Every structure is written in C-alpha cells, then in structure tokens.
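To start, the structure under review is shown below, and the notes come after it.
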Amino acid sequence: MVILIVGLISVLVACLGVYGVVSPSGLMAFASRWRPRAGFWVASIFRIGFGLILWLAAPSSRVPLALQVIACLGIVSGIMIPFIGFARYQSFLLWWSRQSPLFVRVWAAVAIVMGGFILWAVIA
C-alpha cells in the first residue's frame with residue numbers, strides 16, 4: 001500500500017512538472033492557491049507525510065539510501081515551514097510568482113525528473 005501511495009504522489013509531482021513546462025503561468029496560478037494560511041499548514045503536513053511514507057517505502061526500493069535522503073529532506077523541510085513563519089512563507093510564494101517563465105520551466109523539469117526517479121525507484 002505504501003508503494004502505491006508513493007507511486008501515485010510521484011506521478012502527481014511529474015504531472016505538475018509537465019504542466020509547469022507547458023504552462024508556467026498556469027502552474028503559478030495553481031501555486032497561488034497555497035497562499036492562504038491553510039495552504040501554509042497543508043504544505044507542511046504534506047511534506048512531512050510524504051517524507052514519512054517515502055521513508056517507509058525506501059527499504060523495498062531500488063535505491064533505498066537515495067529515497068531515505070529525499071525522505072529526510074522532505075520531513076525536515078516540512079518541519080521547518082512553521083518555524084520560518086507565515087510571513088516569510090508568503091514572501092517566498094510572492095518571490096516565486098515573480099520569476100521568469102524559463103525559471104519556472106527549469107524547476108518544473110526538476111519536478112519531472114524527481115517524480116520519474118521516485119516512481120522508477122519504487123516500481124521494481
């Protein structure tokens with residue numbers, strides 16, 4: 001079940017990446033939905049939750065150490081979100097929304113690679 005959840009989330013990440021490459025402005029509109037305080041907490045909880053699920057899936061993957069590192073990064077970043085505060089979170093989202101379409105496309109391509117890598121790693 002854990003592998004299925006990780007696989008579905010990695011496909012979602014890759015699809016969001018494809019969307020960002022095709023339509024940077026569309027991805028930015030989607031990201032702007034995370035600006036309210038609820039999005040602040042959902043972002044934190046999602047990162048922690050995905051990190052934990054990824055950690056559980058890592059031992060049965062093709063590259064357990066790599067997935068454990070990614071899981072730790074996700075957990076730590078999710079824990080840090082409340083510590084940076086809502087105002088800095090908002091500032092970061094505003095900064096991100098002001099970046100060029102090329103910048104957004106490059107990071108969207110990173111999401112495609114990460115989603116694809118995680119999917120490849122858990123589907124044995």
Which members of region 46-91 meet the condition of being within 22 Å of GLY115 (Cα to Cα) and hydroxyl-bearing (Ser, Thr, Tyr)?
-> SER60, SER61, SER77
Output for Cβ contacts, cut-off 9 Å, separation at least six or different chains, first residue within 18 Å of ILE79 (Cα to Cα) in region 29-41, second among the β-branched types (Val, Ile, Thr) and surrounded by 12 or more Cβ atoms within 10 Å (Cβ to Cβ), reads TRP34/VAL42; PHE40/ILE81; TRP41/ILE81
Filter region 31-57 down to residues that are of a type outside the set (A, V, I, L, M, F, W, C) and within 12 Å of the chain's Cα centre (by Cα), then give me how many there are.
-> 4
Out of region 93-124, which residues are over 17 Å from the mean Cα position of the chain (by Cα), aliphatic (A, V, I, L, M) and at pLDDT 95 or above?
-> LEU102
For region 68-80, pairs from a residue that is farther than 16 Å from ALA111 by Cα to a residue that is of a type in the set (S, T, N, Q), with Cβ under 6 Å and 6 or more apart or across chains, are GLY78/SER44
In region 63-88, what residues are of a type outside the set (D, E, K, R), within 28 Å of SER25 (Cα to Cα) and more than 15 Å from the chain's Cα centre (by Cα)?
-> PRO82, ILE84, GLY85, PHE86, ALA87
Just for helices (runs of 4 or more DSSP H) wholly inside region 20-124: which have at least 3 residues that are small (Gly, Ala, Ser), open to solvent by less than 60 Å² (accessible area, probe 1.4 Å) and under 20 Å from SER10 (Cβ atoms)?
-> 37-57, 64-84, 101-122
Pairs, please: C-beta under 7 Å, at least 6 apart or cross-chain, first residue under 22 Å from PRO64 (Cβ atoms) and in region 106-124, second buried (at least 20 other Cβ atoms within 10 Å of the Cβ) and of a type in the set (Lys, Arg)?
-> none
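The values are calculated or read from the model by the stated rules, or taken from the named source; none is laboratory data. Just so it is clear, the structure is predicted and the values come from calculations on it, not from any experiment. Because the Cβ atoms are built from the backbone with ideal geometry, glycine has one as well, and the counts that use them run over all protein chains shown. Ligands, DNA and RNA are excluded from the accessible area calculation, which covers all protein heavy atoms including side chains. Shrake-Rupley method; radii C 1.70, N 1.55, O 1.52, S 1.80 Å.
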